[in-house]
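Here is the structure we will look at, set down as structure tokens.
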Amino acid sequence: MSKKSIEQIRAELDSLNEQMRKKQHVSDKIIIARNMHSDFMKTQVAGANNPMYGTDPWNKGLTYNTGPNSLKAHPNNKFGKGNIGKVQDEEWKRKRLEKIKGPHMIATCPHCKKEGGERIMKRWHFDNCKMKN
Ligand SMILES: [Zn+2]
């Protein structure tokens, strides 16, 4: 098996890109912008030019919840802390429930006389009713 040359790989990638473009209806402008950004990232901020070059990631060496280096206890770990200990306002809770439960407008289908919530009844009844005609 012979190794593919860079030109071959480029040609394959170009044809793949072309297929993707046709599939997703992406305009040429977006493709050009994407390629420009890609080139920029590859040349201008790669390696030592990257601001994070040579720095360790904040979670390096941390395990999730065991040991002295616990990720849970780390001040930089914000995952899953958003709603912990947050007390929900009672009125807000009630309003939210009301929105879900209703009351909804009750509509009656003129063809089969069935009653139900206005929004969903429009899907299967009125002009779309089985009994219509
Ligand atoms: Zn009906």
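The values are calculated or read from the model by the stated rules, or taken from the named source; none is laboratory data. In this text the structure is predicted, and so the values were computed from the model without any measurement. We place every Cβ from the backbone using ideal geometry, glycine too, and count neighbours over all the protein chains shown.
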Q: Kindly establish whether Q24 is exposed (fewer than 10 other Cβ atoms within 10 Å of the Cβ), of a type in the set (S, T, N, Q) and modelled with pLDDT of 80 or more.
A: no
Q: Give the number of residues within region 17-49 that are aliphatic (A, V, I, L, M) and assigned to a loop (DSSP other than H, G, I, E, B).
A: 3
Q) Which pairs do you get when a residue that is without any contact (Cβ under 8 Å) to a residue 12 or more places away in the chain and more than 14 Å from W124 (Cα to Cα), found in region 97-110, comes within reach of a residue that is assigned to a strand (DSSP E or B) and of a type in the set (F, W, Y), reach meaning Cβ atoms under 9 angstrom, with the pair 6+ apart or on two chains? A) none
Q) Tell me, which residue of region 108-133 that is surrounded by 12 or more Cβ atoms within 10 Å (Cβ to Cβ) and among the basic types (K, R) is nearest to the ligand (Cβ to nearest atom)? A) K114
Q) Which of (1) at pLDDT below 90; (2) near the ligand (Cβ under 7 Å from one of its atoms) does G102 not meet, given it meets every other one? A) (2)
Q) Cβ-Cβ below 6 Å, separation at least six or inter-chain, first residue in region 122-133 and outside any helix (DSSP H, G or I), second near the ligand (Cβ under 7 Å from one of its atoms): which pairs? A) H125/C109; C129/C109; C129/H111; C129/C112; M131/H111; M131/C112; K132/H111
Q) Based on what the data block shows, is K93 surrounded by fewer than 12 Cβ atoms within 10 Å (Cβ to Cβ) and outside any helix (DSSP H, G or I)? A) no
